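Chemist: Just dropping this structure here.
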Amino acid sequence: MPDDGRVWIFDTTLRDGEQSPGCSMNFEEKLVLARQLARLGVDVMEAGFPAASQGDFDAVRAIAEQIEGPVICGLARTGDADVDRVIEALRPAARGRLHTFIATSEIHMRDKLRMSREQVLEQVRRAVDRARASGLQVEFSAEDATRSDRDFLVEVYSAAVASGAQVLNVPDTVGYTTPFEYADLIRYLRENVSGSDGVVYSVHCHDDLGLSVANSIAAVLAVARQVECTVNGIGERAGNTALEEVVMALRTRAGYFDGLHTGVQTTEIYPTSRLLSTVIGVQVQPNKAIVGENAFAHEAGIHQHGVLNNALTYEIMTPDSVGRASNELVLGKHSGRHAFADRLRELGYDTEKVDVNEAFRRFKQLADAKKTIYNEDIEALVTDQMLRIESTYRMERIAVVAGTFATPTATVEISVDGEVRKTAALGTGPVDAIFKAIEELTGTKAQLLRYQVNAVTSGIDAQGEVSVTLEEEGVRTIGQGADTDILVASANAYIHALNKLEQRRSSGVSSLRGI
């Protein structure tokens, strides 16, 4: 890869991001998000860890078959079985990359791997040789590199290059390093690793000290030309480097960064962030850079005055540059199907992959219940539709009595494999009553771990997005529902989570973790 100032964006939302507690995704959700990441224009998409489970293997295989544009990558430890699993999963990919890793810090080698330095070096050579023989691109990572002995790192990376690695990743696995220290390490490796003039140096940072973006940019200013990151910064513990922050920093301060740039379509940043939040049921904090609710909000009078005169007084980038649509009326109940389909395309949806008729029907229902329809409303109902899965359970009807004069009571009717069932239940509140009725009808023993409500737009008639996290026998799933009636949205979210539990029981789940 010639050094023309292009910084490759290696997105690991589907792999490292999914390792965040409560952020797991099923097969369909990974595919939906993978299509959006391709529209976003990421260079490399780490689709998963094929050895982790059959479900992860199937998802990587499907993404390799169906997603065009990015290099599709799979993660493997250095064992033969892991490497072979990635090779098989990536077989359909037009451009595939095998990313293999092993720990190199003393604490990891001693207490986790129980290997000597010589054994680790042998594993590196064996894995990279095997991966390179497959014809795939090969990336090698030294896990916990920033706490590793520098001289040993040079040995390890030199061995990887000699065996054919084309990308050398230097992970700050535990978020330990600082910007100047990290940039110095990258320069040291470039100067001392044998044969590395022709390889790409990559950085993978975690945010335990809140320095992941700063560390990544410092490394890029040194010699790194690939940044591994995730949408919304999700990932293990405190998260990973936030894709949107790195991309917009390089774009907004292009003069300072002297030609460093990415190929990301920045207008897809906000739609991608919203889709991810809906899929995993985790909203970004309001003050999150670039994609947070308050990122372009101005409340202080002096700020408002300046922005009204010239937005650049307090905004260093525009909302539309990251794909944030203004909250304006876009369609109404008298709008036709063609206008609706045009709006879907404007919002970045592929109308060949969306059931436009079903989405339009739901739009009409929403328009009857809500006077003002915003872009965010359309995004919520279409995303909700896209995330539906083959259902064991289906919501039919619901009625709730609640208030200070009544004990909360829910009457719920659902179908279970086509058989209609109905019951009533009491609860401490209306949502509790609904969930108890559904539990009785389905016989589930799942434990409710989290219940979250988010308003899609402002206003008393706003749609509510509900996220429900359930766990049963160690399997955890997230269900979503969107409706102008929060109680209906809650019931749909709960049933969605139950359907995903049924699906995940048969797919196999593993707690394997990577860099």
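Chemist: Tally the residues that are touching a strand residue (DSSP E or B) at 6+ places or on another chain (Cβ under 7 Å) and in a loop (DSSP other than H, G, I, E, B), restricting the search to region 173-192.
Modeler: Count: 3.
Chemist: Let me ask you something else. Kindly state which helices (runs of 4 or more DSSP H) lie completely within region 1-114 and contain at least 1 residues that are out of contact with any Gly (no Cβ under 7 Å at 6 or more places or on another chain), farther than 29 Å from Lys500 by Cβ and at pLDDT 95 or above.
Modeler: 80-89
Chemist: Further question on the same structure: Restricting to region 129-146, name every residue that is of a type in the set (A, V, I, L, M) and in contact with a strand residue (DSSP E or B) (Cβ under 6 Å, 6 or more places away or on another chain).
Modeler: If the condition is that a residue be of a type in the set (A, V, I, L, M) and in contact with a strand residue (DSSP E or B) (Cβ under 6 Å, 6 or more places away or on another chain), then Ala131, Leu136, Val138, Ala145 are the ones that fit.
Chemist: Could you say which residue among Ala183, Ala142 is over 29 Å from Ile87 (Cβ atoms) and either crowded, with 20+ Cβ neighbours inside 10 Å or in contact with a His (Cβ under 7 Å, 6 or more places away or on another chain) (or both)?
Modeler: Just one listed residue meets the conditions, Ala183.
Chemist: Can you tell me which residue among Asp129, Asp111 is of a type in the set (Asp, Glu), closer than 24 Å to Tyr176 by Cα and without any contact (Cβ under 8 Å) to a residue 40 or more places away in the chain?
Modeler: None of the other options fit; the residue is Asp111.
Chemist: Looking at Ile67, Ile72, which is the one that is closer than 30 Å to Val475 by Cβ and surrounded by 21 or more Cβ atoms within 10 Å (Cβ to Cβ)?
Modeler: Exactly one residue qualifies, and that residue is Ile72.
Chemist: Determine if region 436-452 includes at least one residue that is at pLDDT below 90 and buried (at least 16 other Cβ atoms within 10 Å of the Cβ).
Modeler: No, that holds for no residue.
Chemist: Test Ala160 against the criterion of being modelled with pLDDT of 95 or more, in a loop (DSSP other than H, G, I, E, B), touching a Phe, Trp or Tyr at 6+ places or on another chain (Cβ under 9 Å) and within 24 Å of Asp43 (Cβ to Cβ), and give yes or no.
Modeler: no
Chemist: Any idea which of Lys445, Lys436, Lys422 is touching a Gly at 6+ places or on another chain (Cβ under 6 Å) and more than 24 Å from Val284 (Cα to Cα)?
Modeler: Lys436
Chemist: Now for a different question. So how many residues does region 326-342 have that are at pLDDT 65 or above, small (Gly, Ala, Ser) and part of a loop (DSSP other than H, G, I, E, B)?
Modeler: So the answer is 3.
Chemist: Looking at region 220-227, can you tell me whether even one residue there is more than 21 Å from the chain's Cα centre (by Cα), without any contact (Cβ under 8 Å) to a residue 40 or more places away in the chain, within 25 Å of Met317 (Cα to Cα) and assigned by TED's automatic domain parsing to the domain that holds Thr262?
Modeler: Yes - at least one qualifying residue is present in region 220-227.
Chemist: From the set of residues in region 114-126 that are surrounded by 14 or more Cβ atoms within 10 Å (Cβ to Cβ) and free of Cβ contacts under 8 Å to residues at least 12 places away in the same chain, which is nearest to Phe101 (Cα to Cα)?
Modeler: Once the filter is applied, the top-ranked residue is Glu122.
The values are calculated or read from the model by the stated rules, or taken from the named source; none is laboratory data. The model shown is predicted, which means the values in this text are computed figures rather than measured ones. Here the Cβ is made from the backbone with ideal geometry for all residues, glycine too, and neighbour counts use every protein chain on show.
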